[in-house]
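One structure is given below, encoded as structure tokens.
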Amino acid sequence: MDFPIFHLDFIGDRLLIAMIAILHVLINHGLAVGLVPIVAYMELIGLKHPEWDTLAYKIMFVGFIITTTVGALTGVGIWLSASLINPYSIGSLIRVFYGAWFVEWMVFVTEVILIMIYFLTWKKRKANQKPVDELITKGRHVMIGYFLAVFSWITMAIIVAILGFMMDPGNWNNDKQFWNGFANPMYVPQLTFRTFLAYTTGGVISLCLTMFFTKKDTEIRIKAVRFLSKWIFTFLPLTLIGGYWYYTMIPQGMTDNMSVALGTQQFQSYYDSLILILCGALGAVLVIVGVAYLYPKYTPHKLAFFIPVLLMFALLGYFERVREFIRKPYVIGGYMYSNAVRVSDYPLLNKDGILKHSSFVSTKKVTEENQVKAGKNVFLIACSRCHTTGGVNSLVTKFDDMYGNSGEPWNAGAMKAYISNMHMSRYFMPPFPGNDKEMEALIAYLKDLQFNPAPAEGAQTIGITTEQEITSTSNH
Ligand code: HEC
């Protein structure tokens, strides 16, 4: 444990990564992967019918602006937030996927260059070109669109291998072979599901944009709506089939987390209704798109077409939350827990303690005098990736709820019994990683918080160790 700890006590560390990553996924799947093949196909039809070309260009304008700004920024943002909060798991993933990430970077750079060329040369014409030559130039341009679609898909395909690996590394845990990790059991089902999901989302976004970029009752609107609804009707059922296949591949222990993943502990009894809501959302998308298909002339107000987009975004975001949650207590299945401690390091840490093996803590050992301070360090190492002290998923609230919120000081013995076994009763939590003294220090810190709440800001207490503290710890 040789990195400083970064901790946001209000929104919690998990939410910081989630907000950036989910925004990125919406843009990547919806626009980069899903929208580009549609635009390229529309441009192809535009070779004969110029009004398709105009519409394709306008849709691509939106895709281009968003992917090259917010899309690119959030992509870097995932690296920033994930390596701030869990540099250990990023480190392990880089060790395994070193070559794959290198290739992904090359493909990504190509993708960026292609999107620049594709959008910026759309309207370029040579002076006095013959119509035949113009058609050839345009045909080449369409090809660039298709190449862009393929490259966008490949970057997703590489990253999905890593996401699948984090859920279930398969045989890699035994033989540590790269290809076993890459072609993990979740890989193909997840890639299939995400590909169809991306195409559906791209279709829904294009449909919405078409309503804004075409006029009522024009031929182009009617034809484009027909084409896009057929596209959505093709890929939505495939998404459901891919999703089901993916679901059946989720390892047994993880499906046990499903009810909490979908609705948090408080709402887990609503599990069945949540599944109904999910199906209802997909049904609503089908109805709106269906009406547009059957009655292209009487389409509802264009704002109504935002509803399928928002529903698809909600589904995609929700899916990401569930995927991230059911993997718990692991960040890399069977290899590293979400608290960033490797499974194989537990015996040593349970004996020696976690503080002794942490480079950036202000207390290397629990003593009578430093109990509360050491306990805070233990909290930051063992619990802060998932809990705060006073914000989202706050431990003060959790213990208050558990002990009836009576205002009585919590019972240290009961807390110790709970923490020693928390991974058995709540399988989404890893076991406590430290030794006995550290568990007592953690309890002392939490009991202190019960009456003196103070946010635990990571960098202030741990990241930047004061000089005096360095001298005192180096004496050990
Ligand atoms: C991998 C993430 C993770 C880690 C690490 C973690 N927890 Fe939790 N913990 C959770 C989640 C998720 C919940 C349930 C939140 C909800 O839905 O209510 C929870 C719930 C709890 C509860 C309430 C349990 C109940 O039955 O209501 C307590 C108490 C708790 N955690 C204590 C701790 C302590 C102490 C630590 C550190 C030693 C810790 N947790 C580490 C994820 C984690």
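The values are calculated or read from the model by the stated rules, or taken from the named source; none is laboratory data. All of these numbers come straight from a predicted model, not from anything done at the bench. Backbone-built Cβ (ideal geometry, glycine too); neighbour counts: all protein chains shown.
Looking only at residues that are within 9 Å of the ligand (Cβ to nearest atom) and part of a helix (DSSP H, G or I) in the range 424-443, which one is surrounded by the fewest Cβ atoms within 10 Å (Cβ to Cβ)?
If we take residues in the range 424-443 being within 9 Å of the ligand (Cβ to nearest atom) and part of a helix (DSSP H, G or I), then 425 is surrounded by the fewest Cβ atoms within 10 Å (Cβ to Cβ).
Are there any pairs, at least 6 apart or on different chains, whose C-beta atoms fall under 8 Å, with the first in the range 364-383 and under 26 Å from residue 338 (Cβ atoms) and among the polar types (S, T, N, Q) and the second more than 16 Å from the ligand (Cβ to nearest atom) and outside any loop (DSSP other than H, G, I, E, B), and if so, which?
From the range 364-383, the pairs are 377/461.
Here is a list of conditions, (1) of a type in the set (Asp, Glu); (2) crowded, with 19+ Cβ neighbours inside 10 Å; (3) over 22 Å from the mean Cα position of the chain (by Cα), and residue 133 meets all of them except one; can you say which number that is?
(2)
I'd like the residue in the range 384-413 that is farther than 16 Å from residue 453 by Cα and in contact (Cβ under 8 Å) with a residue 12 or more places away in the chain and, out of all such residues, is farthest from the ligand (Cβ to nearest atom).
Checked the range 384-413; the qualifying residue farthest from the ligand (Cβ to nearest atom) is 412.
So how many residues does the range 309-364 have that are within 16 Å of the ligand (Cβ to nearest atom) and assigned to a helix (DSSP H, G or I)?
Residues that pass the stated criteria total 13.
Determine which member of the set 416, 447 is under 29 Å from residue 259 (Cα atoms), crowded, with 16+ Cβ neighbours inside 10 Å, more than 10 Å from the ligand (Cβ to nearest atom) and not assigned by TED's automatic domain parsing to the domain that holds residue 328. Give the derivation first.
On the way: 447 fails: under 29 Å from residue 259 (Cα atoms).
Sole residue among the options that is under 29 Å from residue 259 (Cα atoms), crowded, with 16+ Cβ neighbours inside 10 Å, more than 10 Å from the ligand (Cβ to nearest atom) and not assigned by TED's automatic domain parsing to the domain that holds residue 328: 416.
If I go through the range 162-178 residue by residue, how many of them are surrounded by fewer than 21 Cβ atoms within 10 Å (Cβ to Cβ) and assigned to a helix (DSSP H, G or I)?
6
Could you list, in sequence order, all residues of the range 194-230 that are touching a Gly at 6+ places or on another chain (Cβ under 8 Å) and of a type in the set (S, T, N, Q)?
Hits for the range 194-230 are 195, 200, 201, 229.
If a residue counts only when it is charged (D, E, K, R) and surrounded by 16 or more Cβ atoms within 10 Å (Cβ to Cβ), which helices (runs of 4 or more DSSP H) contained entirely in the range 179-295 have at least 2 such residues? Steps first, please.
Numbers: elements: 187-213, 219-249, 252-255, 258-267, 271-294.
The qualifying helices (runs of 4 or more DSSP H) are 219-249.
Taking the residues in the range 377-410 that are more than 17 Å from residue 85 (Cα to Cα) and either among the charged types (D, E, K, R) or crowded, with 21+ Cβ neighbours inside 10 Å (or both) as candidates, determine which candidate is farthest from the chain's Cα centre (by Cα).
Across the range 377-410, the extreme among qualifying residues is 408.
Out of curiosity, is residue 376 more than 11 Å from the ligand (Cβ to nearest atom), within 18 Å of residue 416 (Cα to Cα) and of a type in the set (D, E, K, R)?
Working: more than 11 Å from the ligand (Cβ to nearest atom): yes; within 18 Å of residue 416 (Cα to Cα): yes; of a type in the set (D, E, K, R): yes.
So residue 376 fits the description; yes.
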